[in-house]
Amino acid sequence: MIITKAKEKGDVVATLKDVKSVFLIGCSECASLCGTGSPEALAAMKETLEAEGKKVTGSMMAKTGCQVLGTKVELKPAKEEIDAADAILVMSCGAGTQAMVEVFKDKRVYPANDTTFLGNMTRFQQFDERCSMCGECIIDKTGGICPVTTCPKGILNGPCGGTNNGMCEVSPDIECAWAKIYARMERTGELDKMREIVPPKDYSKKLSPKVWVIEKKKEEK
Ligand code: SF4
Ligand code: SF4
């Protein structure tokens, strides 16, 4: 899931300084789980903005905010409330905000959140970064644990000389990714794989912007 953090209220209010009325859009997916785009977050934002003298003309929870066409359809019933707003405040990730930029070509659209990383919810309200979307997954060679992301140095053949009793030299709060990889591969009977050198990655696969079109399979005759 995409992890978002709410911007400071003062920053959002400053962004909206030239705006008298706002329509709020939340997202039922990742941003809801992060508490940054949930119905409760929208209600709190409405309260904050009204206390600042702004008019909140309405709000809507998008099913999947980054889905441009689906969200456009979902917004149709709110047309009057949207028309009455000077701006749209999007409480989702950066992709969701830009989906709304695409939908509202002539209306101001602003983000309420900072988008931080692709992560896992490992316990209630805790999110850990596990994948940095490198475009060339190598965790088949590393026990299913990603050293590109979870080792601060991104070492492909570790550990480095700083590993210390299972912890990382960069911070005593971080478990050494390669100690975890070793322990996991020992448990799964794959330790011999640790002798294989993981080749340098092709970082051109990480270049942005990317586009991916899923081609329809041709029906076989
Ligand atoms: S190697 Fe790591 S960063 Fe790359 S795709 Fe796999 S999990 Fe993600
Ligand atoms: S101690 Fe482990 S996690 Fe930390 S930088 Fe070295 S190999 Fe990476």
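Just so you know, all these numbers are worked out from the coordinates, no wet-lab data involved. Predicted, not measured: the structure shown is a model, and the values here were computed from it. All Cβ positions, glycine included, derive from the backbone under ideal geometry; neighbour counts span all protein chains shown.
Below are the figures for this structure:
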{"read-out": "All lysines inside 18 Å of Lys206 as judged from Cα atoms, apart from same-chain residues fewer than 8 positions distant", "value": "Lys153"}
{"read-out": "Acute angle (nearest 10 degrees) that the helix 177-187 long axis makes with the longest principal axis of the chain, alpha-carbon atoms", "value": "60"}
{"read-out": "0 to 90° range, to nearest 10: angle between helix 39-51 axis and the chain longest Cα axis", "value": "50"}
{"read-out": "Nearest-20 debye value, the range 134-206 charge dipole, Cβ charges on Lys, Arg, Asp, Glu", "value": "140"}
{"read-out": "Estimated dipole of the chain in Debye, rounded to 20 [Cβ of Lys and Arg +1, of Asp and Glu -1, Cα centre]", "value": "480"}
{"read-out": "Set of aspartates and glutamates near Lys210 by C-alpha distance (under 16 Å), chain-local residues within fewer than 8 positions excluded", "value": "Glu136, Asp202"}
{"read-out": "Within the chain, helix-based [θ] at 222 nm, where runs of 4 or more DSSP H residues each add -39,500 (n - 2.57), nearest 500", "value": "-7500 deg cm²/dmol"}
{"read-out": "Longest segment of the chain lacking chymotrypsin sites (Phe, Trp or Tyr not before Pro) that sit in a DSSP loop with at most 12 other Cβ atoms within 10 Å", "value": "1-123"}
{"read-out": "Projected label distance in nm at Cys137 and Arg184, using a 7 Å step from Cα toward the beta-carbon", "value": "1.2"}
{"read-out": "Degrees separating the helix 94-103 axis from the principal Cα axis of the chain, which is the longest one", "value": "40"}
{"read-out": "Extension gain (nm, one decimal) between Gln98 and Ser204, 0.36 nm per residue minus Cα-Cα", "value": "35.7 nm"}
